[in-house]
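Novice: Could you have a look at this structure, given as structure tokens, before my questions?
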Amino acid sequence: MLKGLLFDLDGVLTNSAKYHLSAWNNLANELGITLTDAQLDQLRGISRMDSLNMILKFGGQEDKYTEAEKEKFAAEKNAKFVEQIQKMTPEDILPGIPQLLKDAKAQNLKMAIASASKNAPTILNKLGIMDEFDGIVDPSTLHRGKPDPEIYVKAQELLDLKADEVISFEDAQAGVEAIKAADQFAVGIGDKELLKEADYIVASTAELKLSEIEEVFNKRK
Ligand code: BG6
Ligand code: MG
């Protein structure tokens, strides 16, 4: 029986993913690395340092910098991102999400955030939806990032629920892989081909309807 919903944040509840990607793109350009759209897509859901390491690898620069230099690059990228999110308001909640949260509340479903972002609490406060959630996984406690299932298992445990009692929402390929590795029901938001492992896929959040997702969830094996 459905008892809870687990949400990624960037690209699911709000479009902060675009700020992450543009800040990474700027940093890559400064390092003389040109990223393709497909490479940028692969950064979705990936933790800060893992993202930087992926970018350096894409540019064939994986052994070029010391850990201290990499920390500096990551801090620069984060400073740009933090600057961008200051202007966020409740208007930045993606279409379909307010109704989804309302429908979930009406059914007394518990809700948690499974975001790799250390900026998630700031963003949730800016959006004015912090109090909607019963738990937020602290990414600094994680040993492994998405696509490892750890973050989704932790989110489910925060709500005291089992894998077959939750539906989890993601826009990232690595995130959908993490949900499936955690044995949970995955809703993918975005490209059908990239997110093909998901149990239910929509092109955008505007298409999310809890009753329709639940129908598929209830029929699953
Ligand atoms: C994820 C984003 O939610 O958080 C990634 O999809 C980002 O793009 C990751 O790298 C870490 O975020 P932060 O804010 O801690 O650098
Ligand atoms: Mg995301």
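The values are calculated or read from the model by the stated rules, or taken from the named source; none is laboratory data. Because the structure is a prediction, the values reported are computed rather than measured. Neighbour counts are summed over all protein chains in view; Cβ atoms, including those assigned to glycine, are modelled from backbone coordinates with ideal geometry.
Novice: Enumerate the pairs (first residue in the stretch 61-80 and polar (S, T, N, Q); second residue anywhere and assigned to a helix (DSSP H, G or I)) with beta-carbon separation below 9 Å, excluding pairs fewer than 6 apart on the same chain, so at least 6 apart or on different chains.
Specialist: Qualifying pairs under 9 Å: 61/55; 78/23; 78/48.
Novice: Now for a different question. Quick one: is residue 51 within 13 Å of ligand 2 (Cβ to nearest atom) and outside the structural domain of residue 205 (by TED's automatic domain parsing)?
Specialist: Working: within 13 Å of ligand 2 (Cβ to nearest atom): yes; outside the structural domain of residue 205 (by TED's automatic domain parsing): yes.
Yes; evaluated as a whole, the condition is true for this residue.
Novice: Residue check: is residue 154 more than 16 Å from ligand 2 (Cβ to nearest atom), assigned by TED's automatic domain parsing to the domain that holds residue 112 and touching a residue at least 24 places away in the same chain (Cβ under 8 Å)? Full working, then the answer.
Specialist: Numbers: more than 16 Å from ligand 2 (Cβ to nearest atom): yes; assigned by TED's automatic domain parsing to the domain that holds residue 112: yes; touching a residue at least 24 places away in the same chain (Cβ under 8 Å): yes.
Considered against the rule, which asks whether it is more than 16 Å from ligand 2 (Cβ to nearest atom), assigned by TED's automatic domain parsing to the domain that holds residue 112 and touching a residue at least 24 places away in the same chain (Cβ under 8 Å), residue 154 comes out as yes.
Novice: Out of all the residues in the stretch 32-72, which are surrounded by 15 or more Cβ atoms within 10 Å (Cβ to Cβ) and hydrophobic (A, V, I, L, M, F, W, C)?
Specialist: Within the stretch 32-72, 33, 35, 40, 43, 46, 52, 54, 55, 56, 58 meet the criteria.
Novice: Now for a different question. Do the conditions hold for residue 109, that is, is it of a type in the set (A, V, I, L, M), more than 25 Å from residue 160 (Cα to Cα) and either crowded, with 17+ Cβ neighbours inside 10 Å or within 16 Å of ligand 1 (Cβ to nearest atom) (or both)?
Specialist: On the way: of a type in the set (A, V, I, L, M): yes; more than 25 Å from residue 160 (Cα to Cα): no; either crowded, with 17+ Cβ neighbours inside 10 Å or within 16 Å of ligand 1 (Cβ to nearest atom) (or both): yes.
The answer is no for residue 109.
Novice: If you check residue 137 against the conditions, is it in contact with a Phe, Trp or Tyr (Cβ under 8 Å, 6 or more places away or on another chain), β-branched (Val, Ile, Thr) and surrounded by 14 or more Cβ atoms within 10 Å (Cβ to Cβ)?
Specialist: Details: in contact with a Phe, Trp or Tyr (Cβ under 8 Å, 6 or more places away or on another chain): no; β-branched (Val, Ile, Thr): yes; surrounded by 14 or more Cβ atoms within 10 Å (Cβ to Cβ): yes.
For residue 137, the condition - in contact with a Phe, Trp or Tyr (Cβ under 8 Å, 6 or more places away or on another chain), β-branched (Val, Ile, Thr) and surrounded by 14 or more Cβ atoms within 10 Å (Cβ to Cβ) - is not met.
Novice: Follow-up question, since we're still on this one. Filter the stretch 1-47 down to the residues that are within 9 Å of ligand 1 (Cβ to nearest atom) and of a type in the set (Asp, Glu), then identify the one that is nearest to residue 215 (Cα to Cα).
Specialist: 8
Novice: Consider residue 75 against the criteria (1) within 12 Å of ligand 1 (Cβ to nearest atom); (2) surrounded by fewer than 18 Cβ atoms within 10 Å (Cβ to Cβ); (3) outside any helix (DSSP H, G or I): it satisfies all of them except one. Which criterion is unmet?
Specialist: Of the numbered conditions (1) within 12 Å of ligand 1 (Cβ to nearest atom); (2) surrounded by fewer than 18 Cβ atoms within 10 Å (Cβ to Cβ); (3) outside any helix (DSSP H, G or I), the odd one out for residue 75 is (3).
Novice: Name the pairs whose Cβ atoms lie under 7 Å apart, with the first residue in the stretch 3-15 and of a type in the set (Ser, Thr, Tyr) and crowded, with 24+ Cβ neighbours inside 10 Å, the second part of a strand (DSSP E or B) and at pLDDT 95 or above, and 6 or more positions between them or separate chains?
Specialist: Every condition considered, the pairs that remain are 14/93.
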